[in-house]
Amino acid sequence: MMLGGSDTTTVTLTWALCLLLNNQHTLKRAQEELDNHIGKERLVNESDIEKLVYIQAIIKETLRLQPVTPLLPPRESVEDCTVAGYHIPVGTRLIVNLWKLHRDPRVWIDPLEFRPERFLLEHKEVDVRGKHFELLPFGVGRRICPGITFGLRVSQLALASFLHEFEVENFVDKAVDMTGSFGTTNMKVTPLEVLLKPRLSPHFYA
Ligand code: HEM
(Lines give C-alpha, C1' and ligand atoms only; values in the text may rest on other atoms or scores of the structure.)
Protein backbone atom coordinates (compact mmCIF):
# COMPACT_ATOMS: atom_id res chain seq x y z
CA MET A 1 0.00 0.00 0.00
CA MET A 2 2.73 2.49 0.96
CA LEU A 3 4.89 1.51 -2.06
CA GLY A 4 1.90 2.15 -4.34
CA GLY A 5 1.61 5.56 -2.72
CA SER A 6 5.13 7.02 -2.65
CA ASP A 7 6.35 6.08 -6.15
CA THR A 8 3.19 7.22 -7.87
CA THR A 9 3.18 10.61 -6.18
CA THR A 10 6.89 11.21 -6.89
CA VAL A 11 6.41 10.29 -10.54
CA THR A 12 3.40 12.61 -10.86
CA LEU A 13 5.20 15.55 -9.25
CA THR A 14 8.31 15.06 -11.39
CA TRP A 15 6.25 15.10 -14.60
CA ALA A 16 4.23 18.10 -13.40
CA LEU A 17 7.45 20.09 -12.93
CA CYS A 18 8.79 19.02 -16.35
CA LEU A 19 5.55 20.07 -18.05
CA LEU A 20 5.49 23.41 -16.20
CA LEU A 21 9.12 24.13 -17.11
CA ASN A 22 8.39 23.41 -20.76
CA ASN A 23 5.28 25.63 -20.62
CA GLN A 24 6.44 28.73 -18.75
CA HIS A 25 3.09 30.54 -19.04
CA THR A 26 1.44 27.77 -16.97
CA LEU A 27 4.16 28.04 -14.32
CA LYS A 28 3.60 31.79 -14.14
CA ARG A 29 -0.17 31.37 -13.89
CA ALA A 30 0.20 28.81 -11.08
CA GLN A 31 2.41 31.17 -9.08
CA GLU A 32 0.00 34.05 -9.68
CA GLU A 33 -2.82 31.92 -8.29
CA LEU A 34 -0.72 31.12 -5.22
CA ASP A 35 0.21 34.77 -4.66
CA ASN A 36 -3.42 35.89 -5.04
CA HIS A 37 -4.86 33.30 -2.65
CA ILE A 38 -2.05 32.77 -0.13
CA GLY A 39 0.16 35.85 -0.44
CA LYS A 40 3.76 35.80 0.72
CA GLU A 41 3.29 36.17 4.46
CA ARG A 42 2.40 32.56 5.23
CA LEU A 43 2.82 29.02 3.91
CA VAL A 44 0.23 26.95 2.01
CA ASN A 45 -2.16 24.84 4.14
CA GLU A 46 -4.14 21.80 3.10
CA SER A 47 -7.34 23.84 3.53
CA ASP A 48 -6.15 26.22 0.78
CA ILE A 49 -6.27 23.51 -1.91
CA GLU A 50 -10.03 23.88 -2.52
CA LYS A 51 -9.40 27.43 -3.81
CA LEU A 52 -6.34 26.54 -5.88
CA VAL A 53 -8.26 25.42 -8.94
CA TYR A 54 -5.40 25.96 -11.37
CA ILE A 55 -3.03 23.83 -9.27
CA GLN A 56 -5.73 21.12 -9.22
CA ALA A 57 -6.04 21.42 -13.00
CA ILE A 58 -2.24 21.08 -13.40
CA ILE A 59 -2.26 17.78 -11.51
CA LYS A 60 -5.16 16.48 -13.64
CA GLU A 61 -3.48 17.56 -16.87
CA THR A 62 -0.22 15.91 -15.74
CA LEU A 63 -2.06 12.66 -15.00
CA ARG A 64 -3.69 12.89 -18.44
CA LEU A 65 -0.46 13.37 -20.41
CA GLN A 66 1.85 11.35 -18.18
CA PRO A 67 -0.24 8.69 -16.42
CA VAL A 68 1.80 6.81 -13.82
CA THR A 69 0.67 3.50 -15.31
CA PRO A 70 0.23 4.01 -19.09
CA LEU A 71 -1.23 0.50 -19.27
CA LEU A 72 -3.63 -0.49 -16.51
CA PRO A 73 -3.10 -3.89 -14.86
CA PRO A 74 -4.82 -6.61 -16.95
CA ARG A 75 -8.44 -7.66 -16.57
CA GLU A 76 -10.03 -10.95 -17.63
CA SER A 77 -13.47 -11.06 -19.23
CA VAL A 78 -15.87 -13.18 -17.16
CA GLU A 79 -18.32 -13.79 -20.02
CA ASP A 80 -18.52 -13.48 -23.81
CA CYS A 81 -19.22 -9.91 -24.84
CA THR A 82 -18.94 -7.46 -27.72
CA VAL A 83 -17.08 -4.18 -27.35
CA ALA A 84 -17.08 -1.62 -30.19
CA GLY A 85 -17.95 -4.41 -32.61
CA TYR A 86 -15.19 -6.78 -31.41
CA HIS A 87 -16.21 -10.16 -30.06
CA ILE A 88 -14.40 -10.82 -26.75
CA PRO A 89 -14.63 -14.47 -25.64
CA VAL A 90 -14.81 -15.35 -21.94
CA GLY A 91 -11.34 -15.60 -20.34
CA THR A 92 -9.69 -13.00 -22.60
CA ARG A 93 -7.00 -10.82 -20.99
CA LEU A 94 -7.78 -7.16 -21.56
CA ILE A 95 -5.42 -4.25 -21.05
CA VAL A 96 -6.65 -0.64 -21.00
CA ASN A 97 -4.22 1.68 -22.80
CA LEU A 98 -4.44 4.93 -20.84
CA TRP A 99 -1.75 6.57 -22.97
CA LYS A 100 -3.95 6.28 -26.06
CA LEU A 101 -7.20 7.04 -24.25
CA HIS A 102 -5.82 10.21 -22.65
CA ARG A 103 -4.54 11.52 -26.00
CA ASP A 104 -7.57 10.67 -28.12
CA PRO A 105 -8.11 13.60 -30.54
CA ARG A 106 -11.83 12.74 -30.73
CA VAL A 107 -12.12 13.69 -27.06
CA TRP A 108 -9.38 16.22 -26.33
CA ILE A 109 -8.73 19.46 -28.21
CA ASP A 110 -4.98 19.68 -29.02
CA PRO A 111 -4.43 16.41 -27.14
CA LEU A 112 -0.64 16.67 -27.02
CA GLU A 113 -0.67 20.20 -25.59
CA PHE A 114 -0.17 20.74 -21.85
CA ARG A 115 -3.21 22.92 -21.21
CA PRO A 116 -4.48 22.71 -17.59
CA GLU A 117 -7.16 25.29 -18.52
CA ARG A 118 -9.10 22.54 -20.30
CA PHE A 119 -10.15 21.29 -16.84
CA LEU A 120 -11.55 24.73 -16.00
CA LEU A 121 -13.30 25.09 -19.36
CA GLU A 122 -14.48 22.40 -21.79
CA HIS A 123 -13.61 19.46 -19.49
CA LYS A 124 -14.62 21.15 -16.22
CA GLU A 125 -16.90 18.26 -15.25
CA VAL A 126 -14.36 15.50 -15.92
CA ASP A 127 -12.81 14.05 -12.79
CA VAL A 128 -10.28 11.26 -12.20
CA ARG A 129 -12.34 8.96 -9.99
CA GLY A 130 -13.27 6.33 -12.54
CA LYS A 131 -16.61 7.79 -13.63
CA HIS A 132 -15.34 9.47 -16.80
CA PHE A 133 -13.88 6.85 -19.08
CA GLU A 134 -11.80 9.36 -21.07
CA LEU A 135 -9.60 10.04 -18.02
CA LEU A 136 -8.67 7.05 -15.84
CA PRO A 137 -5.26 7.73 -14.23
CA PHE A 138 -6.33 5.90 -11.05
CA GLY A 139 -7.90 3.01 -12.94
CA VAL A 140 -11.53 2.00 -12.89
CA GLY A 141 -13.95 -0.56 -11.47
CA ARG A 142 -13.53 -2.72 -8.41
CA ARG A 143 -9.70 -2.63 -8.59
CA ILE A 144 -9.56 1.17 -8.82
CA CYS A 145 -6.77 2.77 -6.77
CA PRO A 146 -7.85 2.96 -3.11
CA GLY A 147 -5.42 5.88 -2.57
CA ILE A 148 -7.09 8.39 -4.95
CA THR A 149 -8.07 11.00 -2.38
CA PHE A 150 -4.76 10.79 -0.53
CA GLY A 151 -2.65 10.65 -3.72
CA LEU A 152 -4.42 13.65 -5.23
CA ARG A 153 -4.23 15.71 -2.04
CA VAL A 154 -0.54 14.99 -1.46
CA SER A 155 0.33 15.81 -5.10
CA GLN A 156 -1.68 19.06 -5.04
CA LEU A 157 -0.31 20.19 -1.68
CA ALA A 158 3.32 19.33 -2.51
CA LEU A 159 3.16 21.09 -5.87
CA ALA A 160 1.44 24.16 -4.39
CA SER A 161 3.98 24.44 -1.55
CA PHE A 162 6.93 23.95 -3.87
CA LEU A 163 5.83 26.57 -6.41
CA HIS A 164 4.85 28.98 -3.64
CA GLU A 165 8.21 28.72 -1.90
CA PHE A 166 10.60 28.52 -4.85
CA GLU A 167 11.29 30.05 -8.22
CA VAL A 168 12.17 27.11 -10.39
CA GLU A 169 14.21 27.25 -13.56
CA ASN A 170 15.56 24.72 -15.97
CA PHE A 171 19.25 23.98 -15.29
CA VAL A 172 20.16 24.08 -18.97
CA ASP A 173 18.86 26.39 -21.67
CA LYS A 174 16.77 23.84 -23.55
CA ALA A 175 13.48 22.01 -23.16
CA VAL A 176 13.25 19.37 -20.45
CA ASP A 177 13.68 15.87 -21.84
CA MET A 178 10.29 14.13 -21.66
CA THR A 179 11.48 10.57 -22.33
CA GLY A 180 9.62 8.14 -20.08
CA SER A 181 10.55 4.57 -19.23
CA PHE A 182 7.13 3.32 -20.32
CA GLY A 183 7.44 0.17 -18.21
CA THR A 184 4.91 -0.73 -15.53
CA THR A 185 5.50 2.74 -14.10
CA ASN A 186 6.08 5.71 -16.40
CA MET A 187 9.29 7.17 -14.87
CA LYS A 188 11.35 10.00 -16.34
CA VAL A 189 14.44 8.34 -17.83
CA THR A 190 16.92 11.22 -17.37
CA PRO A 191 17.27 13.08 -14.05
CA LEU A 192 15.41 16.37 -13.72
CA GLU A 193 17.90 19.12 -12.81
CA VAL A 194 16.51 22.50 -11.79
CA LEU A 195 17.71 25.76 -10.24
CA LEU A 196 15.78 26.88 -7.18
CA LYS A 197 15.54 30.36 -5.67
CA PRO A 198 13.51 31.20 -2.54
CA ARG A 199 10.35 33.31 -3.15
CA LEU A 200 9.50 34.04 0.48
CA SER A 201 11.23 35.78 3.42
CA PRO A 202 14.29 33.93 4.82
CA HIS A 203 12.58 33.03 8.13
CA PHE A 204 10.28 30.59 6.28
CA TYR A 205 13.32 28.45 5.38
CA ALA A 206 15.03 28.49 8.78
C1 HEM B 1 -0.87 10.14 -7.94
C2 HEM B 1 -1.00 9.07 -7.18
C3 HEM B 1 -1.50 7.72 -7.61
C4 HEM B 1 -1.80 7.21 -8.86
C5 HEM B 1 -1.73 7.94 -10.20
C6 HEM B 1 -2.22 5.83 -8.68
C7 HEM B 1 -2.63 5.00 -9.71
C8 HEM B 1 -3.06 3.70 -9.53
C9 HEM B 1 -3.55 2.83 -10.60
C10 HEM B 1 -3.68 3.22 -12.07
C11 HEM B 1 -3.87 1.64 -10.05
C12 HEM B 1 -4.47 0.43 -10.80
C13 HEM B 1 -6.01 0.56 -10.77
C14 HEM B 1 -6.75 -0.40 -11.69
O15 HEM B 1 -6.23 -1.50 -11.97
O16 HEM B 1 -7.87 -0.06 -12.12
C17 HEM B 1 -3.59 1.73 -8.63
C18 HEM B 1 -3.79 0.70 -7.73
C19 HEM B 1 -3.47 0.78 -6.40
N20 HEM B 1 -3.04 1.90 -5.71
FE21 HEM B 1 -2.70 3.74 -6.50
N22 HEM B 1 -2.17 5.52 -7.34
C23 HEM B 1 -1.74 6.63 -6.66
C24 HEM B 1 -1.60 6.76 -5.30
C25 HEM B 1 -1.80 5.75 -4.40
C26 HEM B 1 -1.69 5.91 -2.96
C27 HEM B 1 -1.37 7.24 -2.26
C28 HEM B 1 -1.92 4.69 -2.42
C29 HEM B 1 -1.93 4.24 -1.00
C30 HEM B 1 -1.62 4.99 0.06
C31 HEM B 1 -2.18 3.76 -3.52
C32 HEM B 1 -2.44 2.41 -3.37
C33 HEM B 1 -2.84 1.57 -4.39
C34 HEM B 1 -3.16 0.14 -4.21
C35 HEM B 1 -3.09 -0.66 -2.91
C36 HEM B 1 -3.56 -0.35 -5.46
C37 HEM B 1 -4.01 -1.79 -5.83
C38 HEM B 1 -5.54 -1.88 -5.78
C39 HEM B 1 -6.04 -3.27 -6.20
O40 HEM B 1 -5.40 -3.95 -7.00
O41 HEM B 1 -7.11 -3.68 -5.73
N42 HEM B 1 -2.11 4.45 -4.69
N43 HEM B 1 -3.11 2.98 -8.33
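Remarks
- Residue satisfying all of: in the stretch 143-168; surrounded by fewer than 17 Cβ atoms within 10 Å (Cβ to Cβ) and within 13 Å of the chain's Cα centre (by Cα); farthest from the ligand (Cβ to nearest atom) among these: R153
- Any chance L112 is under 24 Å from V176 (Cα atoms), assigned to a loop (DSSP other than H, G, I, E, B) and more than 9 Å from the ligand (Cβ to nearest atom): yes
- Qualifying position, being surrounded by 15 or more Cβ atoms within 10 Å (Cβ to Cβ), farther than 13 Å from P137 by Cβ and within 14 Å of the ligand (Cβ to nearest atom), among L94, L98, L13: L13
- Condition broken by V194, with the remaining ones in (1) within 17 Å of Q24 (Cβ to Cβ); (2) out of contact with any strand residue (DSSP E or B) (no Cβ under 6 Å at 6 or more places or on another chain) satisfied: (2)
- Flag for L152 being touching a helix residue (DSSP H, G or I) at 6+ places or on another chain (Cβ under 9 Å) and of a type outside the set (D, E): yes
- Within the option set T26, T10, being among the β-branched types (V, I, T) and under 18 Å from F119 (Cβ atoms) holds for one residue only, T26.
- Scope the stretch 66-101; condition of a type in the set (S, T, N, Q), part of a loop (DSSP other than H, G, I, E, B) and more than 24 Å from N22 (Cβ to Cβ); matching residues: S77, T92
- Residue check, H25 at pLDDT 95 or above and part of a helix (DSSP H, G or I): yes
- A count restricted to the stretch 165-182 and to residues that are of a type in the set (D, E, K, R), touching a residue at least 12 places away in the same chain (Cβ under 8 Å) and closer than 11 Å to N22 by Cα stands at 2.
- Of all residues making up the stretch 52-70, the number that are farther than 14 Å from P111 by Cα and more than 11 Å from the ligand (Cβ to nearest atom): 7
- Screening I59, I38, I55 for residues that are within 20 Å of F204 (Cα to Cα) and hydrophobic (A, V, I, L, M, F, W, C) leaves exactly one candidate, I38.
- For G130, the stated conditions do not hold, so it cannot be described as surrounded by 15 or more Cβ atoms within 10 Å (Cβ to Cβ), part of a loop (DSSP other than H, G, I, E, B) and within 7 Å of the ligand (Cβ to nearest atom).
- The set of residues from the stretch 113-122 being in contact (Cβ under 8 Å) with a residue 12 or more places away in the chain and over 14 Å from the mean Cα position of the chain (by Cα) comprises L120, E122.
- For the stretch 38-53, the condition holds for no residue, the condition being that it is at pLDDT 95 or above, assigned to a helix (DSSP H, G or I) and buried (at least 20 other Cβ atoms within 10 Å of the Cβ).
The values are calculated or read from the model by the stated rules, or taken from the named source; none is laboratory data. This one's a predicted model, so the numbers in the text were calculated from it and none came from an experiment. All Cβ positions, even for glycine, are placed from backbone atoms using ideal geometry, and neighbour counts span all protein chains on display.
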